[in-house]
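Colleague: Can you keep this structure in mind? I'll have questions shortly.
All of the numbers you see were taken from the coordinates with simple rules; none came from a lab. Bear in mind the structure is a predicted one, so any value in this text is a computation, not a measurement. Heads up, the Cβs are rebuilt from the backbone with ideal geometry, glycines too, and the neighbour counts pull from every protein chain shown.
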Amino acid sequence: MIKIKPIIGIVGRLYSGESNIICVEEVRLAVTKLGGLPLLILPLDKVNFVSKNPCDEPFYSEEEIKDLEAVLKKCDAFILPGGDTWYQLDEVVINYAIKYDKPLLAICLGMQALSKVLSNEKRIAYDNTIKNNTFINHCCFAKDYVHEVVIKKNSRLFSIIGNDKIQVNSRHSYHIPLTIDDIYISARSEDGLIEGVEVKDKKFIIGVQWHPESLFLSDENAKKIFDAFFFHIIKNSQNFHKKIS
């Protein structure tokens, strides 16, 4: 049976000082405006994350991972939004998307989680990011455009945007270490921080450090990213369901 609209799994986020895991509204809105059905995906951990750090919890069992995959199987693609911390859930979603070549868009914190998985860091859900300390203020909520990003010309991101230099917003206090293999890096900021990563042998597994969802309605490059994401969702969904059904 062919679904009329693609289901986009969005990982929920818990922000400092808040008591609820939520869906990032700008991400939900971008999904619905492009004709997708947003589905909030939540962690299976049996603790209250308001008082406990997700990274301190025991690893998921094989049974719990299978339970999660039963939910992930219903999705045509995934978005890992920005936030304060990622969960084991993020890494389960990433590994599932890579295994089945499902479109994945990882934003800010989501890109950091994707980068950690690609760097073969074995400690599950361990946040290995580094505090920003450069001449650019990367945590600037008030501006639509904060700094320039230089995109590799042989990257999938360049093929989507069609330009090797763009202006982006920026809302992160931490960045990923420079230990990730260069083959995964697609973009850097003017001060050398990694701003884009991707898995080249997959159709669309891309992470960006900035927030295209915030500029989706006004910025051509942000729209190009979401348009390419949805293009691969539509192209991929029917073949995927045939493959695993």
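Colleague: Using amide H atoms built 1.01 Å from N in the peptide plane, name the residues 5+ places from residue 104, or on other chains, whose amide H lies under 5 Å from its own.
Modeller: Placed amide hydrogens put 78, 204, 205, 206 under 5 Å from residue 104.
Colleague: Mind listing the Cα extents of the range 58-198 along all three principal axes, in Å, largest one first?
Modeller: Cα spread of the range 58-198 along its principal axes, largest to smallest: 46, 31, 29 Å.
Colleague: Which is the longest run of the chain containing none of the trypsin sites (Lys or Arg not before Pro) found in DSSP loop states (not H, G, I, E, B) with at most 13 other C-beta atoms within 10 Å?
Modeller: Counting only loop sites that pass the neighbour cut-off, the longest clear stretch is 75-121.
Colleague: Calculate the FRET efficiency for residue 63 and residue 5 from the Cβ-Cβ distance with a Förster distance of 35 Å, rounded to the nearest 0.05.
Modeller: Result of the calculation: an efficiency of 0.70.
Colleague: Below 19 Å, Cα to Cα, which lysines can residue 153 reach? Residues fewer than 8 away in the same chain don't count.
Modeller: By straight Cα distance, residue 153 reaches 165, 200, 202, 203, 224.
Colleague: Then there is this: In debye, nearest 20, what is the charge dipole magnitude of the range 23-74 about its Cα centre with +1 on Lys and Arg Cβ and -1 on Asp and Glu Cβ, if you could check? Intermediate values should be presented prior to the final figure.
Modeller: Values: 7 positive and 10 negative charges, 69 e Å.
Dipole size: approximately 320 debye.
Colleague: Defining a contact as two alpha carbons under 8 Å apart and six or more residues distant in sequence, what relative contact order in percent does the range 141-212 show?
Modeller: With pairs under 8 Å counted, the relative contact order is 31 percent.
Colleague: Further question: Divide by every residue of the chain the summed helix terms, -39500 (n - 2.57) for each DSSP H run of at least 4, and state the resulting mean residue ellipticity at 222 nm, rounded to the nearest 500 deg cm²/dmol.
Modeller: Estimated from H runs of four or more residues: -9500 deg cm²/dmol.
Colleague: I've got another one for you. Treating the beta-carbon of each Lys and Arg as +1 and of each Asp and Glu as -1, no other charges, what is the dipole magnitude of the range 7-244 about its Cα centre, to the nearest 20 debye?
Modeller: It comes to approximately 680 debye.
Colleague: Oh, and also: If you put +1 on each Lys and Arg Cβ and -1 on each Asp and Glu Cβ, how big is the dipole of the range 111-214 around its Cα centre, in Debye rounded to 20?
Modeller: Dipole size: approximately 240 debye.
Colleague: Restrict the search to the range 131-205; then list the chymotrypsin sites (Phe, Trp or Tyr not before Pro) that DSSP places in a loop and that have at most 14 other Cβ atoms within 10 Å of their Cβ.
Modeller: Filter output for the range 131-205: 135, 141, 145.
Colleague: How high is the relative contact order of the range 7-244? Use alpha-carbon pairs under 8 Å, at least six apart in sequence, and give a whole percent.
Modeller: Normalised by residue count, the contact order of the range 7-244 is 19 percent.
Colleague: Oh, and also: Among (i) 1.40; (ii) 1.06; (iii) 0.95, which is the computed Cα Rg over 2.2 N^0.38 Å?
Modeller: The value computed from this structure is option (iii).
Colleague: In whole Å, how far is the Cα centre of the range 189-216 from that of the range 95-142?
Modeller: What the calculation gives is 9 Å, centre to centre.
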